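These notes are about the structure you will find just below.
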Amino acid sequence: MIKIIKSLPAILIASTLVFYSCDSDDDMDMNEPYMDVMASEVKTNLIDDASISPYDAIFDVSPYYSEGHLPFATSTGSVDGLEAILDDLDKSKNYLVYCHADGPSMAGAQLLEDAGFMHVYRLEGNYAAWDQVSFEDIMAAKTKAKIDASEFMAIFDVSPHYEEGHLPGATNANASAGGTALSKLIADMDKNKTYLVYCHADGPSIAGAQLMEDEGFMNVYRLEGNYGAWLAAGYMVE
């Protein structure tokens, strides 16, 4: 009996090593099907240089794309919509998937992973997380509805083409075009009010909206497609 008792510690150690070894092997074999990225990281990646994105495409798999979405995002409308375009995508490139809920965004990211895509990312917290850290892109129709409802405290045109035409009620926020720099215009404004920023190109409008966001403004919108989208919709200009 004594010999058996004395041998128990050795047996237990050996057993522990066996179990540890198995667990370690399992951990090594388990790979996350895709990588979750935080909204703050996505924001930094998209905004630090508006002309460069680490994502070759961003897919919004929700049915609420027109109510707001990430810059440069493509609407698939659903996970099935994403599946329908898989054959047109390069599996070696980088893709970000998000939605308004975990289920569809996870399913979309897993769909890409299962199809052999090598670099798949999912926005952690989905659109709600993005909305907390960044401005919101809105399409021309929604912009007009907000203007008609007098929801914007101010509308800022940051382009150098203000005098060639601008949205009704817009303020010239480009110093080189005879206006006042956006940073000066917003210095004493109420950060809880709602504002719109647009341009004739994505870079300046994104930079302008992000400037306001960084200064603590809570409700900043950017006109997706900029002035061209407004004109294409046939809306009135000044």
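The values are calculated or read from the model by the stated rules, or taken from the named source; none is laboratory data. Note that the structure is a prediction, hence the values are computed from the model and not measured. With ligands, DNA and RNA removed, areas are computed over all heavy atoms of the protein, side chains included. Shrake-Rupley method; radii C 1.70, N 1.55, O 1.52, S 1.80 Å.
Miscellaneous remarks
- Amide H contacts of Asp36 (H built 1.01 Å from N, under 5 Å, at least 5 apart or other chain): Arg122
- Normalised by 2.2 N^0.38 Å, where N is the number of residues, the alpha-carbon radius of gyration of region 87-238 equals 1.22.
- Ratio of Rg to Rh over region 186-238 (Cα coordinates, Kirkwood Rh, two decimals): 1.02
- Expressed as a whole percent, the accessible surface of region 96-234 that belongs to carbon and sulfur atoms is 51, based on a 1.4 Å probe.
- Near the amide H of Val197, within less than 5 Å, lie the amide hydrogens of Phe156, Tyr221, Arg222, Leu223, all on another chain or at least 5 residues away, with H placed in the peptide plane.
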